[in-house]
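The values are calculated or read from the model by the stated rules, or taken from the named source; none is laboratory data. As the structure is a computational prediction, the values presented were derived from the model and not from experiment. Neighbour counts run over all protein chains shown; Cβ positions are idealised from the backbone, glycine included.
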Amino acid sequence: MIKSISLLLLSFLIFSVSCVPNKKIILLQNLDANNRIADGELIPYEIMEYRLQYNDIIDVQLTTSADMKENGFSPQSNQMNNNRMMGQAGGDIYYMTGYTVDKNGNIRLPLIDEVNVMQLTIEEARLKIEVKIKEYVKNELYVKVKLGGIRFATLGEFRRPGKYVVLQERMTIFEAIAQSGDLTTLAQRDDILLIRQYPEGSKIHRINLNDRNIIKSPYYFIQPNDMIYAEPMKTRELGAGENASQSLSLFISSISALVLIINLVTR
């Protein structure tokens, strides 16, 4: 009886004292299975030109020649100041002032009504909107169209999982992770799930952040409405320590429990 209990607890200890190895948490490694990328080597990007989709928000600004003469190249307005204050407060600047692409791919603009921008690049959308506006505005004008920030969500083993809006045109997956407070020690970095939105629906891509070749992949730069999910390692399921200190503490506690059980059984 005592021997069986001892063997059972010994097996538990073998599983428990293991901690997370550095190879599992170090990013951008040269893994044996892939082509090595030397430090200092120029790595070409695979940048996919983003095309507008359902639920995107774009910012459309119109400036006429009269506006330029009065305000110069940096016109200020109460709306712009309100937007700046909202951004500093952590709000979504363009949710209230931008134009959302509906399920039919249209945005609705003042005066010219609906314009279909589905599957257009930002530049293509700008040119299309400009043509529509020129039907009503005869003065010289300048039309600026921007994507209203990059919206993405992080779930699972992040220190600050949540939904974020970043006001820039391009963002890497590592910047998105940093925005979420980094991954926890127990996050499975070699099998991150990236849920990406496409015109036909969504696709799940599995990526390896430990591999330096991620920089060459089309998933290095995130896109609007991406969701990043980090699964936990098996260590969490087993209840093992994250590092040597925690594992040693768990080992000592297990030994104490083993001695206590043996004393109770042998009485």
Is there any pair linking a residue in the stretch 114-132 that is at positive phi to one that is of a type in the set (K, R), with Cβ under 6 Å and at least six apart or on different chains, and which?
-> Q119/R51
How many residues are touching a residue at least 60 places away in the same chain (Cβ under 8 Å) and either more than 23 Å from K163 (Cβ to Cβ) or of a type in the set (V, I, T) (or both) when one looks only at the stretch 186-207?
-> 1
Considering residues that are in contact with a strand residue (DSSP E or B) (Cβ under 8 Å, 6 or more places away or on another chain), in a loop (DSSP other than H, G, I, E, B) and farther than 30 Å from I177 by Cα, the number found within the stretch 127-163 is 4
The correct count of residues that are of a type in the set (A, V, I, L, M) and either within 18 Å of G148 (Cβ to Cβ) or in contact with a strand residue (DSSP E or B) (Cβ under 7 Å, 6 or more places away or on another chain) (or both) in the stretch 41-72 is 6
Quick one: which of E130, E135, E114 is assigned by TED's automatic domain parsing to the domain that holds D67, more than 18 Å from Q223 (Cα to Cα) and surrounded by 15 or more Cβ atoms within 10 Å (Cβ to Cβ)?
-> E130
